[in-house]
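Read through the structure below, which is laid out as structure tokens, and then see the notes.
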Amino acid sequence: MSAEDLENYETDMELQLYREYRDVVGLFSYVVETERRFYLANHVDLQARSADGEVYFDLTLQDAWVWDVYRSARFVKTVRVLTFKDVNVEELPRSEELALPKDADLGN
């Protein structure tokens, strides 16, 4: 396999992953970013903990999807992450929150 074949394969896998993300994002309530992974989840429990004077984060996700091109099964029931790095949690807007009112006057 040539370097170009490998690069094409990886590009293809990333495109497939993006398409899967686009298809499933509406099923989840939260986007979670850690230093190593990107997750979609429906329940997030984030606890700041301390040990030996160091602060770390104990993150538990339930009903989650993992952005990882090398995983064959990206849907997982429970994920637990322990990290000393930043964790970003954002609540996704519901599709109905983004919809225009049915009788909205749009200047017509």
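A few comments on the model shown:
- Residue in segment 45-59 that is within 13 Å of the chain's Cα centre (by Cα) and open to solvent by less than 90 Å² (accessible area, probe 1.4 Å) present: no
- Among the residues of segment 3-17, those that are of a type outside the set (A, V, I, L, M) and either closer than 17 Å to S72 by Cβ or touching a helix residue (DSSP H, G or I) at 6+ places or on another chain (Cβ under 9 Å) (or both) comprise Y9, E10, D12, E14, Q16.
- Annotation for segment 85-98: at least one member residue is surrounded by fewer than 12 Cβ atoms within 10 Å (Cβ to Cβ), part of a helix (DSSP H, G or I) and in contact (Cβ under 8 Å) with a residue 60 or more places away in the chain.
- Residue list for segment 70-84, restricted to those being more than 14 Å from the chain's Cα centre (by Cα), among the hydrophobic types (A, V, I, L, M, F, W, C) and not in a loop (DSSP other than H, G, I, E, B): L82
- Against the test of being farther than 30 Å from T11 by Cα, of a type in the set (F, W, Y) and either in contact with a Phe, Trp or Tyr (Cβ under 6 Å, 6 or more places away or on another chain) or modelled with pLDDT under 95 (or both), the options Y70, Y56 yield a single qualifying residue, Y56.
The values are calculated or read from the model by the stated rules, or taken from the named source; none is laboratory data. Note that the structure is predicted; figures quoted are calculated from it, not measured. Note that we place each Cβ from the backbone using ideal geometry, even for glycine, and neighbour counts take in every protein chain shown. SASA here: full protein model, heavy atoms, side chains in, ligands and nucleic acids out. Shrake-Rupley method; radii C 1.70, N 1.55, O 1.52, S 1.80 Å.
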